[in-house]
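Notes follow the structure.
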Amino acid sequence: MFLKPDEWGFPANTRPWVIAGPCGAESEEQVLETALGLKEQGVHALRAGIWKPRTRPGSFEGMGEQALVWVKKASIASGLPVTVEVASPKHVEQALKAGIDFLWLGARTTVNPFLVQEIADSLKGVDIPVMIKNPVNPDLELWIGAIERFQRTGNNKIAAIHRGFSSYENQTYRNKPNWELPIELRRRLPGITLFCDPSHICGNTFMLEYVAQFALDLQYDGLMIESHRNPKEALSDAAQQLTPGELGVLLSSLQVRKPSIDDPFELSRLEDLRDQIDEIDSELLNLMAQRMNVARTIGKYKFLNNLTILQPERWEEIVASRVKSGIDKELTKEFILKLYGLIHEESMFHQTNQMIQEKKDKSTKDSSASK
Ligand code: PEP
Ligand code: MN
(Lines give C-alpha, C1' and ligand atoms only; values in the text may rest on other atoms or scores of the structure.)
(Ligands and ions follow the chains in the order given, each with its own letter.)
Protein backbone atom coordinates (compact mmCIF):
# COMPACT_ATOMS: atom_id res chain seq x y z
CA MET A 1 0.00 0.00 0.00
CA PHE A 2 1.30 3.41 -0.95
CA LEU A 3 0.14 6.72 0.48
CA LYS A 4 -0.43 9.32 -2.23
CA PRO A 5 1.25 12.75 -2.07
CA ASP A 6 -1.92 14.40 -0.74
CA GLU A 7 -1.10 12.47 2.42
CA TRP A 8 2.43 13.87 2.42
CA GLY A 9 1.29 17.49 2.34
CA PHE A 10 0.51 18.04 -1.35
CA PRO A 11 -2.96 19.50 -2.09
CA ALA A 12 -5.80 16.99 -2.52
CA ASN A 13 -7.64 16.40 -5.82
CA THR A 14 -4.87 17.91 -7.91
CA ARG A 15 -3.39 16.63 -11.11
CA PRO A 16 -0.58 17.01 -11.92
CA TRP A 17 1.31 17.63 -8.70
CA VAL A 18 4.26 19.77 -9.71
CA ILE A 19 7.71 19.77 -8.13
CA ALA A 20 10.09 22.31 -9.64
CA GLY A 21 13.34 24.02 -8.92
CA PRO A 22 16.92 24.33 -10.06
CA CYS A 23 19.05 21.39 -11.09
CA GLY A 24 21.50 22.59 -8.47
CA ALA A 25 21.33 25.05 -5.56
CA GLU A 26 24.05 27.55 -6.50
CA SER A 27 23.58 30.43 -4.06
CA GLU A 28 21.17 31.53 -1.38
CA GLU A 29 19.68 34.26 -3.64
CA GLN A 30 19.34 31.96 -6.65
CA VAL A 31 17.34 29.39 -4.69
CA LEU A 32 15.20 32.03 -2.96
CA GLU A 33 14.36 33.98 -6.11
CA THR A 34 13.55 30.79 -8.01
CA ALA A 35 11.37 29.45 -5.17
CA LEU A 36 9.37 32.68 -4.87
CA GLY A 37 8.86 32.74 -8.65
CA LEU A 38 7.71 29.11 -8.63
CA LYS A 39 5.27 29.70 -5.80
CA GLU A 40 3.64 32.40 -7.96
CA GLN A 41 3.21 29.88 -10.78
CA GLY A 42 1.26 27.48 -8.60
CA VAL A 43 4.01 24.88 -8.18
CA HIS A 44 3.49 22.57 -5.16
CA ALA A 45 7.02 21.72 -4.02
CA LEU A 46 10.58 22.94 -4.50
CA ARG A 47 13.46 20.76 -5.69
CA ALA A 48 17.17 21.58 -5.61
CA GLY A 49 20.28 19.44 -6.02
CA ILE A 50 22.74 19.88 -3.15
CA TRP A 51 24.98 16.93 -3.93
CA LYS A 52 25.17 16.25 -7.63
CA PRO A 53 26.64 12.94 -8.74
CA ARG A 54 28.14 13.74 -12.13
CA THR A 55 29.24 11.40 -14.84
CA ARG A 56 32.65 13.06 -15.24
CA PRO A 57 34.86 14.71 -12.61
CA GLY A 58 35.37 18.44 -12.86
CA SER A 59 31.69 19.26 -13.44
CA PHE A 60 29.67 21.19 -10.86
CA GLU A 61 29.02 18.70 -8.08
CA GLY A 62 26.72 20.82 -5.93
CA MET A 63 27.34 23.20 -3.05
CA GLY A 64 26.97 20.53 -0.38
CA GLU A 65 25.79 20.93 3.20
CA GLN A 66 25.82 24.76 3.27
CA ALA A 67 23.12 24.76 0.58
CA LEU A 68 20.74 22.86 2.85
CA VAL A 69 20.34 26.07 4.82
CA TRP A 70 19.56 28.03 1.63
CA VAL A 71 16.92 25.60 0.43
CA LYS A 72 15.30 25.40 3.83
CA LYS A 73 15.13 29.22 4.01
CA ALA A 74 13.67 29.36 0.48
CA SER A 75 11.13 26.73 1.46
CA ILE A 76 10.00 28.70 4.50
CA ALA A 77 9.90 32.00 2.59
CA SER A 78 7.87 30.53 -0.29
CA GLY A 79 5.75 28.17 1.77
CA LEU A 80 6.74 25.31 -0.56
CA PRO A 81 7.89 21.99 0.92
CA VAL A 82 11.36 21.12 -0.33
CA THR A 83 13.08 18.00 -1.62
CA VAL A 84 16.77 17.25 -2.25
CA GLU A 85 18.64 14.30 -3.73
CA VAL A 86 20.46 12.03 -1.28
CA ALA A 87 23.15 9.64 -2.42
CA SER A 88 24.51 8.28 0.88
CA PRO A 89 23.48 7.76 4.54
CA LYS A 90 25.57 10.85 5.38
CA HIS A 91 23.45 12.97 3.03
CA VAL A 92 20.35 11.52 4.69
CA GLU A 93 21.59 12.50 8.13
CA GLN A 94 22.37 16.06 7.03
CA ALA A 95 19.10 16.48 5.11
CA LEU A 96 17.05 15.24 8.07
CA LYS A 97 18.92 17.56 10.40
CA ALA A 98 18.14 20.50 8.09
CA GLY A 99 14.41 19.65 8.12
CA ILE A 100 14.08 18.75 4.42
CA ASP A 101 10.51 17.57 3.69
CA PHE A 102 11.02 14.81 1.08
CA LEU A 103 14.05 13.04 -0.33
CA TRP A 104 14.80 11.66 -3.75
CA LEU A 105 17.24 9.08 -5.03
CA GLY A 106 18.95 9.89 -8.33
CA ALA A 107 19.31 7.59 -11.30
CA ARG A 108 22.99 6.94 -10.52
CA THR A 109 22.09 5.77 -7.02
CA THR A 110 19.16 3.51 -7.95
CA VAL A 111 21.55 1.33 -9.98
CA ASN A 112 23.46 0.35 -6.82
CA PRO A 113 21.53 -2.09 -4.57
CA PHE A 114 24.01 -1.98 -1.65
CA LEU A 115 23.91 1.80 -1.57
CA VAL A 116 20.12 1.88 -1.88
CA GLN A 117 19.92 -0.58 1.02
CA GLU A 118 22.23 1.56 3.17
CA ILE A 119 20.13 4.64 2.47
CA ALA A 120 16.90 2.75 3.19
CA ASP A 121 18.36 1.42 6.46
CA SER A 122 19.45 4.91 7.48
CA LEU A 123 15.81 6.00 7.16
CA LYS A 124 14.28 3.13 9.13
CA GLY A 125 11.60 4.48 11.44
CA VAL A 126 11.74 7.99 9.92
CA ASP A 127 8.44 9.23 8.50
CA ILE A 128 9.64 10.97 5.34
CA PRO A 129 8.49 10.55 1.73
CA VAL A 130 11.11 9.16 -0.65
CA MET A 131 10.96 9.44 -4.44
CA ILE A 132 13.00 6.99 -6.45
CA LYS A 133 14.20 7.83 -9.91
CA ASN A 134 14.57 5.06 -12.44
CA PRO A 135 18.08 3.63 -12.81
CA VAL A 136 20.16 5.02 -15.70
CA ASN A 137 19.78 1.75 -17.61
CA PRO A 138 16.40 0.40 -18.72
CA ASP A 139 16.20 -2.28 -16.02
CA LEU A 140 12.74 -2.43 -14.47
CA GLU A 141 13.72 -5.02 -11.83
CA LEU A 142 16.43 -2.70 -10.50
CA TRP A 143 13.90 0.13 -10.20
CA ILE A 144 11.33 -2.09 -8.46
CA GLY A 145 14.08 -3.55 -6.26
CA ALA A 146 15.05 -0.08 -5.01
CA ILE A 147 11.41 0.72 -4.23
CA GLU A 148 11.03 -2.59 -2.35
CA ARG A 149 14.07 -1.86 -0.20
CA PHE A 150 12.28 1.24 1.12
CA GLN A 151 8.92 -0.54 1.41
CA ARG A 152 10.56 -3.19 3.58
CA THR A 153 11.63 -0.57 6.09
CA GLY A 154 7.93 0.17 6.64
CA ASN A 155 7.85 3.35 4.54
CA ASN A 156 4.62 3.76 2.57
CA LYS A 157 5.26 7.31 1.34
CA ILE A 158 7.13 6.26 -1.76
CA ALA A 159 6.88 7.56 -5.31
CA ALA A 160 8.68 6.71 -8.53
CA ILE A 161 10.19 9.33 -10.82
CA HIS A 162 10.59 8.49 -14.49
CA ARG A 163 13.58 10.44 -15.88
CA GLY A 164 14.37 8.30 -18.91
CA PHE A 165 17.20 5.88 -19.68
CA SER A 166 20.60 6.50 -21.15
CA SER A 167 20.95 5.07 -24.56
CA TYR A 168 23.75 4.61 -26.97
CA GLU A 169 21.90 5.03 -30.21
CA ASN A 170 19.12 7.52 -29.59
CA GLN A 171 19.87 11.16 -30.27
CA THR A 172 16.37 12.58 -30.01
CA TYR A 173 16.22 12.50 -26.23
CA ARG A 174 18.94 13.07 -23.65
CA ASN A 175 17.50 10.01 -21.89
CA LYS A 176 15.17 7.82 -23.90
CA PRO A 177 11.74 7.58 -22.26
CA ASN A 178 11.00 3.87 -22.91
CA TRP A 179 7.42 4.55 -21.78
CA GLU A 180 6.65 0.83 -21.55
CA LEU A 181 8.87 0.55 -18.44
CA PRO A 182 7.02 3.03 -16.19
CA ILE A 183 3.71 1.63 -17.49
CA GLU A 184 4.82 -1.85 -16.46
CA LEU A 185 6.15 -0.49 -13.13
CA ARG A 186 2.70 0.85 -12.31
CA ARG A 187 1.07 -2.45 -13.30
CA ARG A 188 3.46 -4.33 -11.01
CA LEU A 189 3.14 -1.84 -8.12
CA PRO A 190 -0.50 -0.74 -8.24
CA GLY A 191 -1.17 2.54 -6.49
CA ILE A 192 2.41 3.82 -6.68
CA THR A 193 2.65 7.55 -7.34
CA LEU A 194 4.38 8.23 -10.62
CA PHE A 195 6.11 11.50 -11.47
CA CYS A 196 7.62 12.29 -14.86
CA ASP A 197 10.83 14.32 -15.05
CA PRO A 198 10.64 15.65 -18.62
CA SER A 199 13.72 17.84 -18.05
CA HIS A 200 16.17 14.94 -17.87
CA ILE A 201 14.31 13.01 -20.57
CA CYS A 202 14.53 15.91 -23.04
CA GLY A 203 17.79 17.64 -22.20
CA ASN A 204 16.32 20.75 -23.88
CA THR A 205 13.36 23.04 -23.30
CA PHE A 206 11.55 22.75 -26.65
CA MET A 207 10.39 19.16 -26.17
CA LEU A 208 9.30 19.57 -22.53
CA GLU A 209 5.67 20.32 -23.28
CA TYR A 210 5.30 17.33 -25.60
CA VAL A 211 6.81 14.91 -23.06
CA ALA A 212 4.92 16.38 -20.09
CA GLN A 213 1.62 16.17 -22.01
CA PHE A 214 2.37 12.59 -23.02
CA ALA A 215 2.99 11.70 -19.36
CA LEU A 216 -0.31 13.27 -18.31
CA ASP A 217 -2.08 11.31 -21.02
CA LEU A 218 -0.57 8.15 -19.54
CA GLN A 219 -2.17 9.16 -16.22
CA TYR A 220 1.01 10.14 -14.41
CA ASP A 221 0.32 11.79 -11.05
CA GLY A 222 2.87 14.55 -11.27
CA LEU A 223 5.82 16.27 -12.89
CA MET A 224 9.27 17.19 -11.65
CA ILE A 225 10.66 19.97 -13.83
CA GLU A 226 13.89 21.93 -13.56
CA SER A 227 13.57 25.68 -13.22
CA HIS A 228 16.26 28.31 -12.68
CA ARG A 229 15.90 32.07 -12.30
CA ASN A 230 18.38 32.47 -15.15
CA PRO A 231 18.90 29.18 -17.01
CA LYS A 232 21.71 30.56 -19.19
CA GLU A 233 23.86 31.00 -16.09
CA ALA A 234 23.05 27.60 -14.57
CA LEU A 235 26.11 25.66 -13.42
CA SER A 236 24.51 22.35 -14.48
CA ASP A 237 21.85 21.34 -17.02
CA ALA A 238 21.57 24.87 -18.43
CA ALA A 239 20.00 23.73 -21.70
CA GLN A 240 16.96 22.10 -20.12
CA GLN A 241 15.91 24.60 -17.44
CA LEU A 242 13.02 27.06 -17.68
CA THR A 243 12.54 30.31 -15.81
CA PRO A 244 9.62 30.14 -13.35
CA GLY A 245 7.62 32.32 -15.76
CA GLU A 246 8.28 29.97 -18.69
CA LEU A 247 7.33 27.04 -16.50
CA GLY A 248 4.03 28.78 -15.70
CA VAL A 249 3.31 29.11 -19.45
CA LEU A 250 4.12 25.43 -19.98
CA LEU A 251 1.89 24.33 -17.09
CA SER A 252 -1.04 26.36 -18.33
CA SER A 253 -0.71 24.89 -21.82
CA LEU A 254 -1.02 21.31 -20.56
CA GLN A 255 -4.34 19.56 -20.99
CA VAL A 256 -5.43 17.52 -18.01
CA ARG A 257 -7.71 14.93 -19.55
CA LYS A 258 -10.15 12.64 -17.75
CA PRO A 259 -9.07 9.10 -16.95
CA SER A 260 -12.57 7.75 -17.73
CA ILE A 261 -15.91 8.78 -19.21
CA ASP A 262 -19.43 8.43 -17.80
CA ASP A 263 -21.67 9.82 -20.58
CA PRO A 264 -23.32 6.58 -21.87
CA PHE A 265 -23.56 7.78 -25.48
CA GLU A 266 -19.89 8.82 -25.67
CA LEU A 267 -18.92 5.63 -23.87
CA SER A 268 -20.75 3.47 -26.42
CA ARG A 269 -18.89 5.22 -29.27
CA LEU A 270 -15.60 4.41 -27.59
CA GLU A 271 -16.70 0.83 -27.04
CA ASP A 272 -17.56 0.46 -30.74
CA LEU A 273 -14.08 1.61 -31.66
CA ARG A 274 -12.58 -0.77 -29.13
CA ASP A 275 -14.61 -3.63 -30.63
CA GLN A 276 -13.02 -2.81 -33.97
CA ILE A 277 -9.56 -2.91 -32.37
CA ASP A 278 -10.33 -6.28 -30.74
CA GLU A 279 -11.40 -7.72 -34.09
CA ILE A 280 -8.32 -6.41 -35.87
CA ASP A 281 -6.08 -7.79 -33.10
CA SER A 282 -7.69 -11.18 -33.43
CA GLU A 283 -7.05 -11.12 -37.20
CA LEU A 284 -3.46 -10.01 -36.56
CA LEU A 285 -2.87 -12.94 -34.21
CA ASN A 286 -4.42 -15.39 -36.67
CA LEU A 287 -2.16 -14.05 -39.39
CA MET A 288 0.88 -14.30 -37.09
CA ALA A 289 -0.01 -17.91 -36.30
CA GLN A 290 -0.32 -18.66 -40.04
CA ARG A 291 3.01 -16.96 -40.66
CA MET A 292 4.70 -19.08 -37.99
CA ASN A 293 3.14 -22.23 -39.50
CA VAL A 294 4.81 -21.40 -42.77
CA ALA A 295 8.04 -20.70 -40.85
CA ARG A 296 7.91 -24.24 -39.42
CA THR A 297 7.46 -25.68 -42.91
CA ILE A 298 10.46 -23.63 -44.02
CA GLY A 299 12.34 -25.09 -41.01
CA LYS A 300 11.62 -28.55 -42.33
CA TYR A 301 12.75 -27.56 -45.84
CA LYS A 302 16.00 -26.07 -44.50
CA PHE A 303 16.66 -29.19 -42.46
CA LEU A 304 16.19 -31.46 -45.48
CA ASN A 305 18.39 -29.24 -47.65
CA ASN A 306 20.96 -28.62 -44.89
CA LEU A 307 20.52 -24.83 -45.08
CA THR A 308 21.26 -22.28 -42.32
CA ILE A 309 18.26 -20.64 -40.66
CA LEU A 310 19.44 -17.09 -41.21
CA GLN A 311 19.72 -16.01 -44.81
CA PRO A 312 21.04 -12.42 -44.52
CA GLU A 313 20.11 -11.33 -48.08
CA ARG A 314 16.53 -12.49 -47.62
CA TRP A 315 16.35 -10.69 -44.27
CA GLU A 316 17.76 -7.48 -45.83
CA GLU A 317 15.16 -7.68 -48.55
CA ILE A 318 12.32 -8.19 -46.03
CA VAL A 319 13.43 -5.21 -43.92
CA ALA A 320 13.76 -2.89 -46.92
CA SER A 321 10.45 -3.84 -48.53
CA ARG A 322 8.42 -3.84 -45.26
CA VAL A 323 9.82 -0.46 -44.23
CA LYS A 324 8.91 0.94 -47.63
CA SER A 325 5.37 -0.38 -47.65
CA GLY A 326 4.91 0.51 -43.96
CA ILE A 327 5.89 4.11 -44.67
CA ASP A 328 3.45 4.15 -47.63
CA LYS A 329 0.77 3.14 -45.12
CA GLU A 330 1.74 5.97 -42.74
CA LEU A 331 3.48 3.72 -40.22
CA THR A 332 6.80 4.89 -38.80
CA LYS A 333 10.09 3.33 -39.83
CA GLU A 334 10.99 2.76 -36.14
CA PHE A 335 7.78 0.80 -35.61
CA ILE A 336 8.31 -1.42 -38.67
CA LEU A 337 11.92 -2.11 -37.68
CA LYS A 338 10.88 -3.10 -34.13
CA LEU A 339 7.89 -5.12 -35.35
CA TYR A 340 9.87 -7.07 -37.93
CA GLY A 341 12.72 -7.58 -35.46
CA LEU A 342 10.21 -9.36 -33.21
CA ILE A 343 8.51 -11.28 -36.00
CA HIS A 344 11.84 -12.44 -37.35
CA GLU A 345 13.02 -13.56 -33.91
CA GLU A 346 9.81 -15.52 -33.34
CA SER A 347 10.05 -17.02 -36.83
CA MET A 348 13.64 -18.18 -36.26
CA PHE A 349 12.55 -19.67 -32.94
CA HIS A 350 9.86 -21.75 -34.71
CA GLN A 351 12.29 -22.78 -37.45
CA THR A 352 14.90 -23.89 -34.91
CA ASN A 353 12.36 -25.91 -32.95
CA GLN A 354 11.20 -27.53 -36.16
CA MET A 355 14.78 -28.42 -37.12
CA ILE A 356 15.44 -29.92 -33.67
CA GLN A 357 12.27 -31.97 -34.05
CA GLU A 358 13.24 -33.11 -37.58
CA LYS A 359 16.66 -34.16 -36.32
CA LYS A 360 15.12 -36.17 -33.48
CA ASP A 361 12.60 -37.84 -35.83
CA LYS A 362 15.37 -38.68 -38.27
CA SER A 363 17.59 -40.27 -35.64
CA THR A 364 14.65 -42.31 -34.27
CA LYS A 365 13.89 -43.46 -37.82
CA ASP A 366 17.57 -44.25 -38.53
CA SER A 367 18.01 -46.20 -35.33
CA SER A 368 14.85 -48.22 -35.84
CA ALA A 369 15.89 -48.93 -39.45
CA SER A 370 19.29 -50.21 -38.29
CA LYS A 371 17.72 -52.65 -35.79
C1 PEP B 1 18.78 15.86 -11.21
O2 PEP B 1 17.61 15.66 -10.85
O3 PEP B 1 19.31 16.95 -11.33
C4 PEP B 1 19.58 14.68 -11.58
C5 PEP B 1 20.87 14.62 -11.44
O6 PEP B 1 18.80 13.72 -12.09
P7 PEP B 1 19.10 12.20 -12.51
O8 PEP B 1 19.39 11.45 -11.25
O9 PEP B 1 17.79 11.88 -13.12
O10 PEP B 1 20.22 12.23 -13.49
MN1 MN C 1 19.66 18.17 -13.49
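Which value, in Å² rounded to 10, gives the accessible area of His200 with a 1.4 Å probe and all protein chains present? For His200, the solvent-accessible surface is approximately 20 Å². The DSSP beta bridges internal to the chain are antiparallel in roughly 5% of cases. Placing a label point 7 Å from the Cα of Glu7 along the Cα-to-Cβ direction, the residues of the range 127-161 with a backbone N closer than 20 Å are 127-132, 147-161. Taking all protein chains as shown and a probe of 1.4 angstrom, Val126 keeps an accessible surface of around 50 Å².
The charge dipole of the chain, taken about its Cα centre with unit charges on the Cβ of Lys, Arg, Asp and Glu (plus for the first two, minus for the last two), comes to roughly 1220 debye. Accessible area ranking (1.4 Å probe, heavy atoms, ligands and nucleic acids excluded), largest first, for Thr83, Thr153, Thr364: Thr364, Thr153, Thr83. Around Glu26, under 10 Å between beta carbons, what's the net of Lys plus Arg minus Asp minus Glu among the other residues? Combined, the nearby Lys, Arg, Asp and Glu give -2. Surface analysis of the range 297-362 yields an accessible area of 75 Å² per residue, using protein heavy atoms and a 1.4 Å probe. In the context of the full set of protein chains, residues of the range 81-217 present 40 Å² of accessible surface per residue (probe radius 1.4 Å, heavy atoms only).
Each Lys or Arg adds one and each Asp or Glu subtracts one; over the other residues with Cβ under 15 Å from the Cβ of Asp263, this totals -1.
Against the criterion of solvent-accessible heavy-atom surface with a 1.4 angstrom probe, Arg54, Arg108 sort, most first, into Arg108, Arg54. Among complete DSSP H helices in the chain, those whose alpha-carbon atoms stretch at least 18 Å along the helix's long axis and whose mean Kyte-Doolittle hydropathy reaches 0.0 are 66-78.
Solvent exposure of Phe335, expressed as accessible area, is near 100 Å², computed with a probe of 1.4 Å over the protein chains only.
When Arg269, Arg163, Arg188 are compared by accessible area of protein heavy atoms, the largest-first order is Arg269, Arg188, Arg163, using a 1.4 Å probe. Computed from the C-beta positions of Arg257 and Glu180, the FRET efficiency with R₀ = 22 Å rounds to 0.60.
Counted by Cβ distance under 10 Å from Arg47, the other residues give a net charge of -3, where Lys and Arg count +1 and Asp and Glu count -1. Split the accessible area of the chain by element, probe 1.4 Å, and carbon with sulfur accounts for 54%. Taking label positions 7 Å along the Cα-Cβ direction at both Glu283 and Leu331, the computed distance is 1.3 nm, reported to one decimal. Shape class for the range 5-253: rounded, because the ratio a/c of the largest to smallest gyration tensor axis (alpha-carbon atoms, square roots of eigenvalues) is under 1.5. For the chain, modelled as a GNM whose springs connect Cα atoms under 10 angstrom apart, the maximal fluctuation among Ala120, Ala20, Ala295 occurs at Ala295. Centre-to-centre, using Cα atoms only, the range 87-132 and the range 290-323 are separated by 53 Å. Here the sum of -39500 (n - 2.57) over DSSP H runs of 4 or more residues, divided by the residues of the chain, equals -17000 deg cm²/dmol at 222 nm, to the nearest 500.
The values are calculated or read from the model by the stated rules, or taken from the named source; none is laboratory data. If you're wondering where the values come from, they're calculated on a predicted model, not measured in any experiment. Positions of Cβ are generated from backbone atoms using ideal geometry, with glycine treated the same way; all protein chains shown enter the neighbour counts. The accessibility values were calculated without ligands, DNA or RNA, using every heavy atom of the protein model including side chains. Shrake-Rupley method; radii C 1.70, N 1.55, O 1.52, S 1.80 Å.
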